[in-house]
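Contents: one structure, followed by commentary.
The values are calculated or read from the model by the stated rules, or taken from the named source; none is laboratory data. This one's a predicted model, so the numbers in the text were calculated from it and none came from an experiment. Here the Cβ positions follow ideal geometry from the backbone for every residue, glycine too, while neighbour counts run over all protein chains shown.
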């Protein structure tokens with residue numbers, strides 16, 4: 001009986017969330033987020049590479065490629081990875097120039113797009129000033145670069161740590177075999193933390209981690225099958241390459257991000273719908 005009631009509750013939450021997503025122009029917001037992320041991706045990586053060069057870290061590029069694109073199907077990520085490596089391998093000394101400042105601002109536009117979509121999904125009015133929200137977006141970009149730099153530094157030190165541990169503590173060798181799953185584990189960890197951070201601090205209002213969990217779980221569960229399904233479609237049926245020629249890589253990435261952005265926004269709608277339905281049930285039980 002409890003399982004049946006839970007299934008009915010999940011059904012009502014999903015129905016309300018999808019209804020709100022359609023009514024609130026969710027597809028339009030998903031396209032806005034996807035385009036903004038594409039436009040912000042290269043400036044973010046350029047700024048991060050310039051910051052890494054300024055701090056004397058030369059492994060930022062490969063770390064960024066793995067952390068960002070390991071969660072993408074290879075057929076979708078591969079065209080972009082090649083272009084990103086070409087861009088980031090160029091030496092840049094413009095960290096404190098207008099070029100880097102422009103890259104930073106463009107990168108923060110992607111964060112702003114996520115904020116607008118989340119505010120709409122959670123049905124909250126953001127009364128924070130433009131300067132405050134923009135500064136927060138810039139801070140998010142800095143934090144993102146700092147996280148990638150920290151991971152890069154960790155990956156450089158890890159082989160040395162393994163060598164020392166193997167030499168002075170042979171009993172730990174079997175546990176070090178788990179290191180083969182390290183890049184995927186790092187990517188998944190960053191993705192989960194990033195989802196929590198976006199839902200918690202980007203939109204206005206205050207949410208508990210428990211209230212954000214349903215939408216985040218939905219996003220994670222839908223991400224993999226949606227990615228695999230789109231990759232299979234590209235391999236078997238797609239005509240993107242013949243239609244868009246040299247732009248095929250960007251168009252494929254844009255459609256993929258459009259799909260992921262829709263899943264992300266629906267996740268926020270699920271959190272909002274769950275909060276409303278459980279609040280109504282609590283009110284009825286109290287009044288009853």
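Quick notes on this one:
- Some residue of the stretch 192-200 being within 30 Å of residue 143 (Cβ to Cβ), at pLDDT below 90 and surrounded by 18 or more Cβ atoms within 10 Å (Cβ to Cβ): no
- Among the residues making up the stretch 218-249, those that are at pLDDT 80 or above and in contact with a helix residue (DSSP H, G or I) (Cβ under 8 Å, 6 or more places away or on another chain) are 218, 219, 220, 222, 223, 226, 227, 230, 231.
- Of the criteria (1) assigned to a helix (DSSP H, G or I); (2) surrounded by 15 or more Cβ atoms within 10 Å (Cβ to Cβ); (3) at pLDDT 75 or above; (4) within 22 Å of the chain's Cα centre (by Cα), which one residue 188 fails: (2)
Each row is one residue, and each column tells you yes or no for (1) more than 18 Å from the chain's Cα centre (by Cα); (2) under 26 Å from residue 105 (Cα atoms); (3) surrounded by fewer than 17 Cβ atoms within 10 Å (Cβ to Cβ).
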residue	(1), (2), (3)
50	yes, yes, no
63	no, yes, no
76	no, no, no
87	yes, yes, yes
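- Residue check, residue 27 assigned to a helix (DSSP H, G or I) and modelled with pLDDT of 80 or more: yes
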